[in-house]
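Asker: Take a look at this one; I'll ask things after.
The values are calculated or read from the model by the stated rules, or taken from the named source; none is laboratory data. Predicted model only: the values in this text are computed from it and were never measured. Quick reminder, even Gly has a Cβ in these numbers, built from the backbone with ideal geometry, and neighbours come from all protein chains shown.
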Amino acid sequence: MKESATLLDVRHVSISIARPPSVVYAFASNPANAPAWASGLAGAIRRVGSEWIAESPMGQVKIRFADQNAFGVLDHLVTLPSGVVIHNPMRVMANGEGSEVVFSLFHLPGVPDAKFAADAACVMKDLVALKRALEQ
């Protein structure tokens, strides 16, 4: 019998947006729109080859987004200045005539509980900004 793998705690942060999934996905999947709603990428963002380079509170980060898809997957990899790569699972799905946007935040080893809670609050703030940008 295999030993079970160690699992991380996860918090799914979500928001309902009164816009069709296709509209939400088109906006959120365009990296050029990220500074309008993603506070971690609130600085300038530019494309360099197949990567996006953004100014963030942590310094310059590289971002690689999931290929365009019909499933609403908005996963993205963020390479921090230290070289650490963080996978950010995110998805847009239908919710009635509107959308539900879900970001899955994993509690990584070594991250204090207070920092994890603060990160979840930041994700919620970003999702509220996304909602505001799309519903205005």
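Asker: Any residue in segment 107-131 that's at negative phi and assigned to a helix (DSSP H, G or I): show its pairings with residues that are of a type in the set (Gly, Ala, Ser) and at pLDDT 95 or above at Cβ separation under 7 Å, as long as the two are six or more apart or on different chains.
Answerer: Close Cβ pairs satisfying both conditions: Leu130/Ala28.
Asker: In segment 66-100, what count of residues is obtained for those that are touching a helix residue (DSSP H, G or I) at 6+ places or on another chain (Cβ under 6 Å), of a type in the set (A, V, I, L, M, F, W, C) and in a strand (DSSP E or B)?
Answerer: 2
Asker: Looking at segment 71-118, which of the residues that are of a type in the set (Asp, Glu) and surrounded by 13 or more Cβ atoms within 10 Å (Cβ to Cβ) is farthest from the chain's Cα centre (by Cα)? Steps first, answer last, please.
Answerer: In the first step, residues of segment 71-118 are kept if they are of a type in the set (Asp, Glu); the result is 75, 97, 100, 113.
Cutting the leftovers down to surrounded by 13 or more Cβ atoms within 10 Å (Cβ to Cβ) gives us 75, 100.
Details: Asp75: 7, Glu100: 13 Å.
So, considering only residues that are of a type in the set (Asp, Glu) and surrounded by 13 or more Cβ atoms within 10 Å (Cβ to Cβ), the one farthest from the chain's Cα centre (by Cα) is Glu100.
Asker: Pick from Ala38, Ala18, Ala28: which is surrounded by 11 or more Cβ atoms within 10 Å (Cβ to Cβ), in contact with a Gly (Cβ under 7 Å, 6 or more places away or on another chain) and touching a residue at least 24 places away in the same chain (Cβ under 8 Å)?
Answerer: Sole residue among the options that is surrounded by 11 or more Cβ atoms within 10 Å (Cβ to Cβ), in contact with a Gly (Cβ under 7 Å, 6 or more places away or on another chain) and touching a residue at least 24 places away in the same chain (Cβ under 8 Å): Ala18.
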